[in-house]
Amino acid sequence: MQILFYSPDNKPEPWLAALAQALPEAGVQVWQQGMTAADVQPADYLVAWQPPAAMLAGQANLKALFNLGAGVDAILQLGDALPPQVSLVRLDDAGMAVQMAEYVSYAILRHFRRFDAFEQQAQQQQWRFLKPNDKADFSVGILGLGVLGSRIAEAVQHFGFPLRGWSRSRKDLPGIQCFAGDAELDDFLRGTRILVCILPLTAETAQILSRSRLEMLPRGAYLINVARGAHLAESDLLALIKSGHLTGAMLDVCRTEPLPQQHPFWQEPRITLTPHIAAMTLREESVRQIAGKIRALERGEPIAGIVDRSKGY
Ligand code: NAP
Ligand code: GLV
């Protein structure tokens, strides 16, 4: 069995060692920019993050491409370069869900408990009481109730926030007011004070956080985007913060990453930025999951996490 590996953000050696340990029978080759089909052995499996089309060229024996992340938007942009008979497999939690729950819980609590304001006061050596917020006024709405969104919901539920969620198919989750489909999006937004976006980026969800939608949130609402930068109309967010309709945002993702130095987000103190770290790919957990799925495929068994390309996630 032959595996071809590519991850532009990581040193390959520890990944090769982990793959060799989990699948000692496999040969593993690293793909590098500039390589052509003539430089690589025919692979059965690709294990990759944001692979360029050139990595797929000439790979006639390929059975599956294992994405080293949850979101497959970058891979689906390759279009026909990924033949339809090759299964595209996303990471299924693999340690990301709890990280996402931690990040979003922090963002919600920081805003709701006014820790951002206390941090500013402390910088000015001010010991001053601020009126606490009332939880009943702070309903949390989660766009996306999949692997990561449902884990966020579970974590947030423990704090007792009124909780609502939106997905494509209808869910029935205890303690969560569930909304489904485009027809129920407006109602979902109108009752959401803290909006969390954890949707996949697809043709339907791109630019979903636009001015018209964000204006449906009640005045004083707060946005947390941990999905993809292209979900958000960035100038609309700035305008709505400046007008006072939104109180601020915590963003882990931006349209252009790294966020350019001249981007106005850097100058807006009501926007808190992190560099796409909400839920990182963990090597050991990911390799364990991928190796287990490769073994299952080799035995002819079904696996979870195959992307439905018609839906885009
Ligand atoms: P997932 O399991 O595929 O869940 C996606 C959820 O979104 C599902 O509930 C789905 O509804 C819903 N959805 C999709 N399209 C929709 C539409 N048009 N209308 C309504 N609901 C829709 O994905 P996941 O594993 O939770 O990951 C979500 C995204 O998080 C990834 O695609 C990635 O972009 C992002 N992410 C970010 C980071 C980070 O560090 N910032 C890390 C990992 C992932 P159904 O349940 O009805 O299908
Ligand atoms: C990270 O953004 C992922 O999709 O896993």
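The values are calculated or read from the model by the stated rules, or taken from the named source; none is laboratory data. As the structure is a computational prediction, the values presented were derived from the model and not from experiment. A quick note on method: Cβ atoms are made from the backbone with ideal geometry, for glycine too, and the neighbour counts reach across all protein chains shown. With ligands, DNA and RNA removed, areas are computed over all heavy atoms of the protein, side chains included. Shrake-Rupley method; radii C 1.70, N 1.55, O 1.52, S 1.80 Å.
For this structure, a couple of remarks:
- Some residue of the range 137-151 being more than 20 Å from D252 (Cβ to Cβ), open to solvent by less than 30 Å² (accessible area, probe 1.4 Å), away from ligand 1 (no atom under 16 Å from the Cβ) and touching a strand residue (DSSP E or B) at 6+ places or on another chain (Cβ under 9 Å): yes
- Any hit, the range 172-181, residues being in contact with a helix residue (DSSP H, G or I) (Cβ under 9 Å, 6 or more places away or on another chain), in contact (Cβ under 8 Å) with a residue 40 or more places away in the chain, buried (at least 20 other Cβ atoms within 10 Å of the Cβ) and not assigned by TED's automatic domain parsing to the domain that holds L68: no
- Some residue of the range 84-101 being loosely packed, with under 15 Cβ neighbours inside 10 Å, away from ligand 1 (no atom under 16 Å from the Cβ), over 24 Å from V226 (Cβ atoms) and not assigned by TED's automatic domain parsing to the domain that holds T202: yes
- For the range 72-83, a residue qualifies if it is crowded, with 18+ Cβ neighbours inside 10 Å and not in a loop (DSSP other than H, G, I, E, B), and the qualifying residues are D73, I75, L76.
- Pair list, Cβ under 7 Å, 6 or more apart: the range 274-285 residue more than 12 Å from ligand 2 (Cβ to nearest atom), other residue of a type in the set (A, V, I, L, M) and open to solvent by less than 90 Å² (accessible area, probe 1.4 Å): R283/A18; E284/A18; E285/A94
- Pair list, Cβ under 6 Å, 6 or more apart: the range 67-80 residue farther than 13 Å from I306 by Cα, other residue open to solvent by 10 Å² or more (accessible area, probe 1.4 Å) and within 7 Å of ligand 1 (Cβ to nearest atom): D73/L201
- All of (1) within 16 Å of ligand 2 (Cβ to nearest atom); (2) open to solvent by 60 Å² or more (accessible area, probe 1.4 Å) hold for T205 with one exception: (2).
- Residues (within 16 Å of the chain's Cα centre (by Cα) and hydrophobic (A, V, I, L, M, F, W, C)) located in the range 229-269: A230, L232, M250, L251, V253, C254
- Positions within the range 182-218 being part of a helix (DSSP H, G or I) and within 26 Å of A74 (Cβ to Cβ), in sequence order: D182, L185, R213, L214
- Selected residue [within 13 Å of ligand 1 (Cβ to nearest atom), touching a residue at least 24 places away in the same chain (Cβ under 8 Å) and not assigned by TED's automatic domain parsing to the domain that holds L145] from V226, V307: V307
- Within the range 225-248, the residues that satisfy the criterion of being within 15 Å of ligand 2 (Cβ to nearest atom) and touching a helix residue (DSSP H, G or I) at 6+ places or on another chain (Cβ under 7 Å) are N225, V226, R228.
- Per-region count, the range 3-60, residues open to solvent by 50 Å² or more (accessible area, probe 1.4 Å), assigned to a loop (DSSP other than H, G, I, E, B) and of a type in the set (G, A, S): 3
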